[in-house]
């Protein structure tokens with residue numbers, strides 16, 4: 001079944017077999033690391049089990065998903081960050097991710113998810129400047145893929161929104 005037609009569930013269980021193949025037991029099909037990335041982006045929680053031992057190997061597979069995207073030149077992890085991760089060790093990295101990164105990421109994700117809704121609301125209310133075109137990335141994306149970087153000239157939009165009194169608080 002094509003990637004777009006895959007069912008997305010809250011939690012998907014994937015089994016990794018000794019031949020390194022990954023089987024999505026929820027949707028009954030073999031998957032790739034790219035498929036797993038797609039399912040996560042669409043909101044599914046992924047749990048990966050070793051088919052022989054039953055051990056949860058989700059962390060290992062998710063790291064492989066990130067490494068695969070790095071191979072594809074998506075540049076998720078800066079080299080300086082990787083150096084710090086190695087230099088300061090696992091305990092500091094674990095503390096950072098558990099306590100600070102998640103705390104910072106939650107508000108960012110909230111703003112990102114509500115950005116498109118706000119633009120649409122402003123358009124409906126007539127508050128979005130008529131001479132300002134909606135960025136193409138904004139028109140064709142769902143809120144999960146939306147980030148402030150999709151707007152080419154943030155300062156120009158800010159100026160126009162301030163001028164019309166429509167800038168978000």
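The values are calculated or read from the model by the stated rules, or taken from the named source; none is laboratory data. Note that the structure is predicted; figures quoted are calculated from it, not measured. Quick reminder, even Gly has a Cβ in these numbers, built from the backbone with ideal geometry, and neighbours come from all protein chains shown.
Here is how the numbers come out for the structure above:
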{"quantity": "Region 71-80: number of residues that are at pLDDT 85 or above and surrounded by 13 or more Cβ atoms within 10 Å (Cβ to Cβ)", "calculated": "0"}
{"quantity": "Region 64-82, residues that are within 25 Å of residue 33 (Cα to Cα) and more than 18 Å from the chain's Cα centre (by Cα)", "calculated": "79, 81, 82"}
{"quantity": "Qualifying position, being assigned to a helix (DSSP H, G or I) and either over 23 Å from residue 109 (Cα atoms) or modelled with pLDDT of 95 or more (or both), among 60, 48, 65", "calculated": "60"}
{"quantity": "Some residue of region 81-98 being in contact with a helix residue (DSSP H, G or I) (Cβ under 6 Å, 6 or more places away or on another chain), assigned to a helix (DSSP H, G or I), over 20 Å from residue 43 (Cβ atoms) and at pLDDT 80 or above", "calculated": "yes"}
{"quantity": "Residue in region 82-90 that is in contact (Cβ under 8 Å) with a residue 24 or more places away in the chain and surrounded by 12 or more Cβ atoms within 10 Å (Cβ to Cβ) present", "calculated": "no"}
{"quantity": "Among the candidates 59, 16, 28, residue that is outside the structural domain of residue 109 (by TED's automatic domain parsing) and surrounded by 16 or more Cβ atoms within 10 Å (Cβ to Cβ)", "calculated": "16"}
{"quantity": "Yes/no for residue 144 being part of a helix (DSSP H, G or I), out of contact with any strand residue (DSSP E or B) (no Cβ under 9 Å at 6 or more places or on another chain) and at pLDDT below 80", "calculated": "yes"}
